[in-house]
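Take a look at the structure set out below.
The values are calculated or read from the model by the stated rules, or taken from the named source; none is laboratory data. This is a predicted model, so every value here is computed, not measured. Here the Cβ positions follow ideal geometry from the backbone for every residue, glycine too, while neighbour counts run over all protein chains shown.
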Amino acid sequence: MTAQDPVAPEALPNLLAVSIRGREVIAVRLSVTSLAVVGLGMLLGASAYESIVMAPNFAARVPESLQHIRGFFITTNPGTFFRVLAPATQILLLSAVVLNWRLQRARWFLVGALVALAVADVITFTFHYPRNALLFERPLDQVPLSQLLEAARQWGPGNHVRVALLATAILSALRGLMTSAERGRLTAAAADERLK
């Protein structure tokens, strides 16, 4: 049967079912990928905020600035936000990779986003957590001032690397989403043609 041939009447229910199921798969794939992009955007925005607002303030007049920020972080701190959002975004991004696996171009953009996010988390655990412990958790009178100054000075530039990785991740994920959406549009159009 060619594209010009009419569809046999007995084949219509099967084609319609395939078309509906295909659209549902496309909708799930695009929804999960979109949620991953939203998660990456939230991580990027929060990390940029830390670089622009928080880091310059706590590094300004150490140790007084650290006393002030510790007074502000009585109930919660940025880690509370990141410890929930980062793993949720990783799960969404991994799910997006799985759902888009058959779409080679979309797959590799999403894998790239997942790798960038994973590297950002490795930097968080190996670089930021030790500095966070010095700056925000250990008693200030038990840490030499030179160590506090060094940790505060390093924190901001280290976060710039994390922001760059998250920006790379969101751009790559957006490209994967656009590629997946275009493929979905073409697939839906082809299904519509077959039903005519």
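What to note about this one:
- Scanning the range 104-157 for residues being surrounded by fewer than 19 Cβ atoms within 10 Å (Cβ to Cβ) and small (G, A, S) gives a total of 5.
- Residue in the range 69-87 that is in contact with a helix residue (DSSP H, G or I) (Cβ under 7 Å, 6 or more places away or on another chain), farther than 17 Å from H128 by Cβ and without any contact (Cβ under 8 Å) to a residue 60 or more places away in the chain present: no
- Pairs where the first residue, in the range 130-153, is within 12 Å of P63 (Cα to Cα) and β-branched (V, I, T) and the second is crowded, with 17+ Cβ neighbours inside 10 Å and at pLDDT below 95, C-beta under 8 Å, 6+ apart: V143/L134
- Candidate set: the range 69-85, residues that are more than 21 Å from the chain's Cα centre (by Cα) and assigned to a loop (DSSP other than H, G, I, E, B); chosen: the one surrounded by the most Cβ atoms within 10 Å (Cβ to Cβ): F73
- Residues in the range 58-85 that are under 25 Å from V122 (Cα atoms) and either of a type in the set (S, T, N, Q) or in contact with a Lys or Arg (Cβ under 6 Å, 6 or more places away or on another chain) (or both): T76, N77, T80.
- Of the criteria (1) of a type outside the set (V, I, T); (2) under 22 Å from the mean Cα position of the chain (by Cα); (3) over 23 Å from V115 (Cβ atoms); (4) buried (at least 20 other Cβ atoms within 10 Å of the Cβ), which one L66 fails: (2)
- Any chance A46 is surrounded by 12 or more Cβ atoms within 10 Å (Cβ to Cβ), assigned to a helix (DSSP H, G or I) and modelled with pLDDT of 95 or more: yes
- Residue within the range 116-132 that is within 20 Å of I74 (Cβ to Cβ) and either in a helix (DSSP H, G or I) or not hydrophobic (A, V, I, L, M, F, W, C) (or both) present: yes
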